[in-house]
Structures are given as structure tokens and as C-alpha cells.
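See below for the structure under consideration.
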Amino acid sequence: MTSVLLVDDEKMITGPLARALTQANFTVMVADNGRDGLALAREKQPDVVILDVMMPQMDGWGVCRALRQDSAVPILMLTALGDEVDRILGLELGADDYLTKPFSARELIARIKALLRRVELDRRQQTAVDQISAGDLRLQLNTHRAYKGNRELLLRQKEYDLLALLLSRPGDVISRAEFFDRVWGTDWLGDTRTLDVHIRWLREKIETDPSQPRLIQTVRGVGYRFAAEAQP
């Protein structure tokens, strides 16, 4: 049975959500502060982590940052904050999606299922090609590692998937819709700006001057293109 870790200090939220998730056939674990949530996530290895932002002892951003040091578990953040900066911060720290309170249990369950379908698709996708390369960029698909020259790039899961898609079709314009279909899944329900955030991270790691990108080019109103002609 799929396990969900719910980390939130508001019992009026965790109680009803835990019951709804249990009725939806999830195994539910609950922690009421960030420090205990982090310890439980590392011990129990849940399939999904639902993480509130504002909590005692350790906030949700701190927990997300710590988890992303050694785990690719899907993370969905809960926030009562309406500021776009706070939502973007969660994505930059490695969260996969977020929900702004108040929300319904049905919406949360839909988001969880979407994340799980994306993970399952990633696991099933197999390829006979061991390596993709362009210029001094190289992806080893069997080991899921990326290199720029002789230096290994420390990429998040979605960054790696985006780069693999771009390198597999150099020169082609890839639409925003296709990026979401191929990398996040057709049932992505989150903020579409997360694509731009991940592209920015990727540029910071592979471009000589991220403020003037030559490799990953923006095609306004459409999507992005990997410029093969820009390779040395």
C-alpha cells in the first residue's frame, strides 16, 4: 500500500486529512513538527511527503532542503502564504508541487496520485541508449549521471529529465506543453511557472553565462530549444 507522510502542526488539518487518505487506501504517517517529520521520513521512507511550511522546531523549507540532500521522494508543500516568492522558494528547494490553504481532501488526493503516476512512468521508461552527449555535456542514462567535461553535475531529478529531453532533440523547439507531458506528466496540476524555475537552475549549471544563455534558448510563446550550433 502506498505510504504518505503528513507533516503539519495543525491537528484540525492532519486529523481529517489522515482519515480521508486512509479511506483512499493510503497508509498514513503523521508528524506535528518539522524535526520529527524529517526523522520519520528518513526512517520510514514514505512514497510521498506532504509538508506544511510554517511549523515549530524546523519549518517546511528546512525539512525540504534536508530531504533533498539524499532523497528524491515526491514532496508536496502546504502553505497558507499567498506570496509568489514563498511558493517559488519551495520549488527552488526541490518541492514537486504545492497547495495553498484552504484546500479540499479531494484536491490533495488528486495531486498525490498525479505525483505517483509520474514516478511510476519514470520507473517504467527504459532505453537501449546508454549515453546522450552534445559538446562537452554528457548524460549517462544507465547510471542517471550528468557531466560537463570531466566535472559531474549535481542535478535534481527534474533538471536531469529536462536536460535529457533537450539533448535528445538538439535544435528542435520543445513546447511548454510537451515539457509538462514528458517530465511532469499529463496530469500535472501545479504552477506552470515551475518549468521556468527548473530551466533557470539548469542554465546556472551548464551555461558559461546564465544571464545570456547560449545552449538552452527561450522561444517566446512556445517553449525552449537546445541550440546544437552553440556547442564548441
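The values are calculated or read from the model by the stated rules, or taken from the named source; none is laboratory data. All of these numbers come straight from a predicted model, not from anything done at the bench. Heads up, the Cβs are rebuilt from the backbone with ideal geometry, glycines too, and the neighbour counts pull from every protein chain shown.
Does L165 satisfy being modelled with pLDDT of 90 or more, in contact with an Asp or Glu (Cβ under 6 Å, 6 or more places away or on another chain) and either within 21 Å of D96 (Cα to Cα) or of a type outside the set (S, T, N, Q) (or both)? The answer is no for L165. When R203, R151, R156, R220 are screened for being at pLDDT 95 or above and outside the structural domain of L89 (by TED's automatic domain parsing), only R203 passes. Just one of the numbered conditions (1) at pLDDT 90 or above; (2) hydroxyl-bearing (S, T, Y); (3) surrounded by 14 or more Cβ atoms within 10 Å (Cβ to Cβ) is not true of S211: (3). Filtering the range 129-151 to residues that are in a strand (DSSP E or B), within 17 Å of R169 (Cα to Cα) and not hydrophobic (A, V, I, L, M, F, W, C) leaves Q131, S133, R138, Q140.
Quick grid of which residues meet (1) over 25 Å from T192 (Cβ atoms); (2) modelled with pLDDT of 90 or more; (3) not aliphatic (A, V, I, L, M):
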| site | (1), (2), (3) |
| --- | --- |
| D36 | yes, yes, yes |
| A39 | yes, yes, no |
| P46 | yes, yes, yes |
| I75 | no, yes, no |
| L81 | no, no, no |
| V85 | no, no, no |
| L91 | no, no, no |
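Residue pairs, Cβ under 9 Å, 6 or more apart or interchain, first in the range 164-188 and of a type in the set (V, I, T), second modelled with pLDDT of 85 or more and part of a loop (DSSP other than H, G, I, E, B). List them. Here the result reads V173/V222; I174/V222, each pair linking the range 164-188 to a residue that is modelled with pLDDT of 85 or more and part of a loop (DSSP other than H, G, I, E, B).
For the condition in contact (Cβ under 8 Å) with a residue 24 or more places away in the chain and either over 30 Å from L154 (Cα atoms) or crowded, with 22+ Cβ neighbours inside 10 Å (or both), what is the one hit in V73, V53? Break it down into steps so the answer makes sense when it comes.
Working: V73 fails: either over 30 Å from L154 (Cα atoms) or crowded, with 22+ Cβ neighbours inside 10 Å (or both).
Answer to the check: V53.
Within the range 116-130, the set of residues being surrounded by 12 or more Cβ atoms within 10 Å (Cβ to Cβ) and either modelled with pLDDT of 85 or more or of a type in the set (S, T, Y) (or both) comprises just one member, L116.
If we keep just the residues of the range 14-35 that are surrounded by fewer than 17 Cβ atoms within 10 Å (Cβ to Cβ) and out of contact with any helix residue (DSSP H, G or I) (no Cβ under 6 Å at 6 or more places or on another chain), which is nearest to L91 (Cα to Cα)? Among those that are surrounded by fewer than 17 Cβ atoms within 10 Å (Cβ to Cβ) and out of contact with any helix residue (DSSP H, G or I) (no Cβ under 6 Å at 6 or more places or on another chain), it is R35.
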